[in-house]
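First comes the structure, then the notes that go with it.
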Amino acid sequence: MLGHLKNVFGHLKNVFIHKWWVFYYACKLRIPWQGLIHDLSKFSWVELKESIKYYQGNKSPIPVAKAEQGYSEAWQHHKGHNKHHYEYWIDNIDGEIKLIPIPFKYILEIIADWLGAYRVYNGKEDFNAEYEWWLSKKDKLILIHPISKKMIGVILHYIAIYQGVDNINFDKIFKNNYKSMIDQYNNEIVDVNI
């Protein structure tokens with residue numbers, strides 16, 4: 001019982017710290033409302049019960065649940081209810097996978113989410129480590145619209161070069177370029193054959 005209570009409070013502490021850092025970065029990225037409502041689904045019973053059961057403290061409980069159960073019910077719920085996860089922007093019906101361009105404001109929330117998660121699990125800010133993590137991940141089979149993937153990489157690179165998000169108007173610098181890139185792509189939804 002004591003271990004269960006430790007997991008409850010430990011998990012909730014991590015969630016609140018994560019939400020704080022995401023809000024912090026979201027404000028700097030000029031999307032404060034998204035930062036405020038970020039990850040509210042983590043308080044749903046389906047996400048709470050599994051996250052408490054597999055609580056680790058220094059990393060997400062999701063991979064642990066997947067290792068034990070083969071999947072994570074919390075993750076299935078979470079990615080389907082939160083537009084800041086690129087997995088939300090995959091449409092899959094009858095074996096046909098379509099990758100949908102992620103709206104720019106959710107790309108910024110993805111960045112805030114990743115920066116906030118790094119801060120929770122590592123206790124510090126390291127923009128170079130975030131960019132290096134992205135470089136190691138992006139060339140693997142990630143089902144994400146290619147233009148959205150490119151924009152995420154560009155923004156993370158920019159943040160690594162300038163060592164932060166302070167005083168950078170990402171909307172002004174990148175939003176119109178992103179829209180042009182999407183328009184140039186003819187606003188096509190990308191088909192994936194796996």
Q. Can we say L29 is open to solvent by 70 Å² or more (accessible area, probe 1.4 Å) and under 20 Å from G116 (Cα atoms)?
A. no
Q: Looking only at segment 50-78, count how many residues are closer than 24 Å to I111 by Cβ, out of contact with any Phe, Trp or Tyr (no Cβ under 8 Å at 6 or more places or on another chain), touching a residue at least 12 places away in the same chain (Cβ under 8 Å) and open to solvent by 80 Å² or more (accessible area, probe 1.4 Å).
A: 0
**Q.** Failed condition for P101, given (1) buried (at least 16 other Cβ atoms within 10 Å of the Cβ); (2) under 29 Å from D166 (Cα atoms); (3) within 14 Å of the chain's Cα centre (by Cα); (4) not small (G, A, S)
**A.** (3)
Q) Only one of (1) more than 30 Å from N176 (Cβ to Cβ); (2) modelled with pLDDT of 90 or more is not met by H4, so which one is it? A) (2)
Q. In the list D126, D91, D139, D113, which residue meets the criterion of being of a type in the set (D, E) and in contact with a strand residue (DSSP E or B) (Cβ under 7 Å, 6 or more places away or on another chain)?
A. D91
Q. Got at least one residue in segment 152-167 being touching a residue at least 60 places away in the same chain (Cβ under 8 Å) and touching a strand residue (DSSP E or B) at 6+ places or on another chain (Cβ under 9 Å)?
A. no
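Looking at N128, N167, N177, N92, which one is among the polar types (S, T, N, Q), open to solvent by 80 Å² or more (accessible area, probe 1.4 Å) and farther than 22 Å from I31 by Cβ?
N92
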**Q.** Residue satisfying condition, being within 14 Å of the chain's Cα centre (by Cα), surrounded by fewer than 17 Cβ atoms within 10 Å (Cβ to Cβ) and within 19 Å of E109 (Cα to Cα), within set H18, H81, H38
**A.** H81
Q: Could you check, for segment 123-138, whether at least one of its residues is among the aliphatic types (A, V, I, L, M) and within 23 Å of Q34 (Cα to Cα)?
A: no
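Out of everything in segment 41-66 that is among the small types (G, A, S) and at pLDDT 90 or above, what residue ends up being nearest to the chain's Cα centre (by Cα)?
The initial filter retains those residues of segment 41-66 that are among the small types (G, A, S), namely 41, 44, 51, 57, 60, 65.
Applying the additional criterion that residues be at pLDDT 90 or above yields 41, 44.
Details: S41: 14, S44: 18 Å.
Filtering first and then ranking leaves S41.
The values are calculated or read from the model by the stated rules, or taken from the named source; none is laboratory data. Keep in mind that what you see is a predicted model, and the values were worked out from it rather than measured. Note that we place each Cβ from the backbone using ideal geometry, even for glycine, and neighbour counts take in every protein chain shown. The protein model used for the area step is the full one, side chains on, heavy atoms only, and it has no ligands, DNA or RNA in it. Shrake-Rupley method; radii C 1.70, N 1.55, O 1.52, S 1.80 Å.
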